[in-house]
Amino acid sequence: MDRPDPAAPASPLFDEVTGALEALTAVLREEDDFRILLQHVCRQVRHVVPGVDEASITLVTGEVPHTATATGEVVAELDREQYRIGDGPCLAAMRGGKIVRTTVADASQVWPGFARGAREAGFGSFLAAPLVADEQFSGAVNCYGRQDDGFAEVGAQLLELYTAAVEAILRVYRRYLHARETAEHLRTALTSRAVIDQAKGMLMAIRQVDADDAFALLVEQSQRENVKLREVAERFVERVLSGHVLPR
C-alpha cells in the first residue's frame, strides 16, 4: 500500500481511512487472534496517517501500561521509556483522553528523557490518540515521525477518526470473544453434567442405590482424591465400559 502524501487534499486521505477500516473489518471476519488484529491496526496507522514512519499500540492491564505491538523495536523501546518514568506523550493521551501532537523539540521541555531518546532514534514528531474499547480495555495509538515540524492538523484528525472507528470494531470483537467464552463454559458444563449423570445411572444400577446416594458416592471419591467431580465420573464410566473391576 502506498503511503499517503501529507500535502494531499483531505478528501482522498479520508478515503484512505475508509479503505483501512474496510480492510480491518475483513480481517476481523477471518481472524480471532487479538494480537494479530492489533498488528493490523498498527500497520494501517502508518499507511493512512500522513507523516507516520513508525507506530505502536499501548494497552493497560490493571494500571500497568505495555506495548502490545509496534512496527519496530525502536519505538517499542521509546514507549517503554515512558512507562519507566511514568510520563510522556503516550501516557498523557491516555490520561487526558485527548490527542497529543507535539514535536520532539517541544517535548524536551516537558519530557526531556523521552525527547532525548526519540531524537537519538531519529524522530522529530509525535502523535498519540487514546484508545478505549470498554472499561477493561484502554490504551493509546502512538505515531512517530522523522520530520521536525510536527504532524499536520489533518493528520491528527485522521488519527482521531480512525481510532474512534477502531474502538467500535474492538467493542464488537470483545463482545464476540465474551460470547464465545460463555458458549465454551456452557458446553463444558453440559458435557460435565452429562457424564456425571451417566456415572450416577451406572452406580444406581450396579450398587442398587438411589440417585442421591449415587451422587454422594461420586462426591466422596472426588473429595478423597482431590480431583474434579467430572474427572471422577469420566474415569468411572470408562472403567465400567472397559469391564474393569469397579472401585468400592
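Between ARG239 and ILE206, residue separation times 0.36 nm minus the direct Cα-Cα distance comes to 10.6 nm.
Residue order for ASP197, ASP212, ASP53, fewest other beta carbons within 10 angstrom first, comes to ASP212, ASP197, ASP53. Along the stretch 210-220 the Karplus relation, 6.51 cos²θ - 1.76 cosθ + 1.60 evaluated at θ = phi - 60°, assigns HN-Hα couplings of 7, 5, 4, 5, 5, 5, 4, 5, 5, 4, 4 Hz to successive residues, with x for each Gly and Pro.
Evaluating 6.51 cos²θ - 1.76 cosθ + 1.60 at θ = phi - 60° for every residue in the stretch 126-136, the Karplus couplings come out as 9, 9, 9, 10, x, 10, 10, 9, 7, 5, 9 Hz, glycine and proline recorded as x. The slack between GLU220 and ALA105, meaning 0.36 nm per residue of separation minus the straight C-alpha distance, is 34.3 nm. With R₀ fixed at 41 Å, the C-beta to C-beta distance from ARG187 to ARG84 puts the FRET efficiency at about 0.40. Looking at the stretch 39-108, the GluC sites (Glu not before Pro) that sit in a DSSP loop and have at most 11 other Cβ atoms within 10 Å of their own Cβ are GLU63. Placing dummy labels 7 Å off each Cα toward the beta-carbon, the span from GLU120 to LYS98 is 3.1 nm.
Only the coordinates and a few stated rules stand behind these numbers; no lab work does. Since the structure is predicted, the reported quantities are computational estimates derived from the model, not experimental observations. As a convention, Cβ positions derive from the backbone with ideal geometry for all residues, glycine included, and neighbour counts pool all protein chains shown.
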